[in-house]
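The values are calculated or read from the model by the stated rules, or taken from the named source; none is laboratory data. It should be emphasised that the depicted structure is a prediction, and the values quoted were computed from it without experimental measurement. No Cβ is skipped: glycine too gets one built from the backbone with ideal geometry, and neighbour counts run over all protein chains shown. To get the accessible areas, we keep the full protein, side chains included, count just its heavy atoms, and leave off ligands, DNA and RNA. Shrake-Rupley method; radii C 1.70, N 1.55, O 1.52, S 1.80 Å.
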Amino acid sequence: MSLSLARCVEAVARLLDGCGPLEPVRLCMSERDVQVEVCARRPAASVSMARLAAATGGEVAGRADDRHDGVITADLEDEVVLVAAVDTPVRGAAPRLRATSTSAAAGLLRTLAPWTAALDQELLPGAQLWVDDDGQDFTVRLLATAACGDDLESVAAAAGAGLEQVRTWRTDSGLDGRGSLPCGQTVHLGVVCLS
């Protein structure tokens, strides 16, 4: 069965809707899987992991004496595989009042779903969509690969489909860029050359 990035994005939005409040998360989605990093310290990280486990029917596996470092692996709907773990913030970072929420993250994913559906039609093999919640705002990045340097521009054009005011620039590894969705959400683009 061929899965699409849009179906993964929609499945993760439904998962976030069903979890209740989580600490800020970093999501990396592809056509078949999603990696969720809970960006918190204990005990808040443990609460978020427990909520993810309950919503997915998975269990937190890890050292018995340090459960906040556990990992959840679960099958979501539409054959999407979830892997979740904790990414403890750097020590010394001053905690700030949170301006984002889990429900806002789910809403952002629902906003991104039609755009990702258009991307699938452009045949971007192996593309990854990253949505990073830093507690203050969301960052959206689409990463794609080009088989060779001659393909960079066409892959960047496919990645920028549906975005407004797209700008790209060359880097040592390929192309970077930025554009925005019609709703105003900025999307960062990265195209890496494989050869």
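Applying the Karplus relation 6.51 cos²θ - 1.76 cosθ + 1.60 with θ = phi - 60° to segment 141-147 yields 3J(HN,Hα) values of 9, 10, 10, 9, 10, 10, 5 Hz, where x marks Gly and Pro. Where in segment 181-195 is the amide nitrogen less than 18 Å from a point lying 7 Å along the Cα-to-Cβ axis of R96? Counting backbone N atoms under 18 Å from the label point, the list is 186.
Projected over all directions and averaged, the alpha-carbon convex hull of the chain occupies 12.0 nm².
By accessible area, using a 1.4 Å probe on protein heavy atoms only, the chain has 51% of its surface on carbon and sulfur. Which of S30, G20, V9 sits farthest toward the positive end of the charge dipole of the chain, with +1 on the Cβ of Lys and Arg and -1 on the Cβ of Asp and Glu? Ranked along the dipole, the leading option is G20. The distance separating the Cα centre of segment 117-181 from that of segment 22-66 comes to 26 Å. Heavy-atom accessible area for S173, with the other protein chains in place and a 1.4 Å probe, reaches approximately 60 Å².
If only the Cβ of Lys and Arg carry +1 and only the Cβ of Asp and Glu carry -1, the dipole of the chain around its Cα centre is close to 700 debye. For T186, the accessible surface of its heavy atoms amounts to roughly 50 Å² (probe 1.4 Å, protein chains only, rounded to the nearest 10). Using a probe of 1.4 angstrom and keeping all protein chains present, the accessible surface of the chain works out to 51 square angstrom per residue.
Result for the chain in a Gaussian network model with C-alpha springs under 10 Å: among T171, T88, T102, the largest mean-square fluctuation is at T171.
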